[in-house]
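The values are calculated or read from the model by the stated rules, or taken from the named source; none is laboratory data. Not measured: the values here are computed from a predicted model. Positions of Cβ are backbone-derived with ideal geometry, glycine not excepted, and every protein chain shown enters the neighbour counts. Remember, those area values only see protein heavy atoms, side chains included, never the ligands or the DNA or RNA. Shrake-Rupley method; radii C 1.70, N 1.55, O 1.52, S 1.80 Å.
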Amino acid sequence: MFTFNNPTAVHFGAGMLQTIDTVLEEYGYQSYVVIASNSQVKNGIAELLKSLLPGQIKAVVSNIEENPTVGNVDDIINAAIEHDADALIAVGGGSTMDAAKAAAAAVVKNVDARTIIQDKNITEALPIIALPSTSGSASEVTPFSVISDKEQGIKTSINGKVLYPKIALVDPELTYTCPPAVTAISGIDVICHALDSIGSVNNNPISDGLAVTALKLAFDNLELAYNEGTNAEARSNMALASTTAGIGFSQTATSGSHAMSYYLTSEFGIPHAEACAFSLDQWILCNAKVDPRLDKVSVQLGFENTEALAKELNGLKKRLGLCMTFEELGIDRKHIPEIARRTMAAGNYKNNLAQLSEDEIIRMLETK
């Protein structure tokens, strides 16, 4: 038995940004605050939105950090309250969309960022219109938001049905300017999302189908998009892969590789997707031992078994210039036991099919 419900209206295709006025017309919103990544401000997208929605964009909030902070969220909250925003428009990568989601919930509850990220009962939020400029986070179709509190030394994930964006305008043209390193890291996130969804105890036939579709698209197109940034077909396929994987894991949540990633990011500053990908090969091998679905998925993707899939995953990471060892990450191996403990303490660790002991996780990490 399972339930599947994703309420985000997805509008996909090259040039979709130019239709935003028509798409939003039926909703009757009159006052927007735009949350834009610095790259999208520099590229003129924030100004373009002002021209497409004349008089309706009341403020633009930027300078969102790679791992969005409570300070970033408070900036959005203040702007939304000052301008009595009807809705928020988030254009950028996952950081921008995640910050917007947390702020959208905080504004309605009339609380600050530090309060909302501790809230386990988020039932209302301002509507969010999401325009992803990278192909990876899929935050445009998920109810999750990850925010860092640097002073407290924590990175917290919040979720709630109301955090699903109302509308996602997925325009692959927004990803054309992504530099190779961003393309690599965001693209590997697609693969992490799909394999973590398959490896989740909450998996179901629909989420598996979406994950397999996303994986096929990503394995076939990520390297091409990395090497040829203006290849329209590769960029479109990666945008589709990201959103498809997102719709899948919006139902299952993530599992092992994400559970391990949080401490790597909060303590050592490793980019989120690279932190997830670091251990992903080991998690899928462990999960394959307890669930034969993993080998069946590997065969569907054209591999002999999960071991062959893991080998190709590592080969792809290496070709994309991603870190493969603790030495490449710049992390002393003395931290391995604490990384293992923090992994088991992460909420989504319980979602993972293979429930490993602390010693087993330590042995996994010692292979890196």
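Annotations for the structure displayed:
- Scope region 38-94; condition under 24 Å from the mean Cα position of the chain (by Cα), of a type in the set (D, E, K, R) and in a helix (DSSP H, G or I); matching residues: 42, 74, 75
- Single unsatisfied condition, residue 136 versus (1) closer than 24 Å to residue 183 by Cα; (2) open to solvent by 30 Å² or more (accessible area, probe 1.4 Å): (2)
- Of all residues in region 301-323, those that are farther than 19 Å from residue 275 by Cβ and small (Gly, Ala, Ser) total 3.
- Taken over region 155-188, the criterion of being more than 17 Å from residue 74 (Cα to Cα) and assigned to a strand (DSSP E or B) is satisfied by 159, 167, 168, 169, 170.
- In region 327-352, the residue that is surrounded by the most Cβ atoms within 10 Å (Cβ to Cβ) out of those that are among the aliphatic types (A, V, I, L, M) and out of contact with any Phe, Trp or Tyr (no Cβ under 9 Å at 6 or more places or on another chain) is 340.
- Looking across region 315-326 at every residue that is farther than 17 Å from residue 260 by Cβ and not hydrophobic (A, V, I, L, M, F, W, C), the one that is surrounded by the most Cβ atoms within 10 Å (Cβ to Cβ) is identified as 319.
- Residue match in region 189-212 (condition: of a type in the set (A, V, I, L, M, F, W, C), at pLDDT 95 or above, open to solvent by 10 Å² or more (accessible area, probe 1.4 Å) and not in a helix (DSSP H, G or I)): yes
- Residue 240 vs. criteria outside any helix (DSSP H, G or I) and either in contact with a strand residue (DSSP E or B) (Cβ under 6 Å, 6 or more places away or on another chain) or surrounded by fewer than 24 Cβ atoms within 10 Å (Cβ to Cβ) (or both): no
- Matching residues, region 287-301, being surrounded by fewer than 21 Cβ atoms within 10 Å (Cβ to Cβ) and either in contact (Cβ under 8 Å) with a residue 60 or more places away in the chain or in contact with a helix residue (DSSP H, G or I) (Cβ under 6 Å, 6 or more places away or on another chain) (or both): 289, 290, 291, 293, 295, 300, 301
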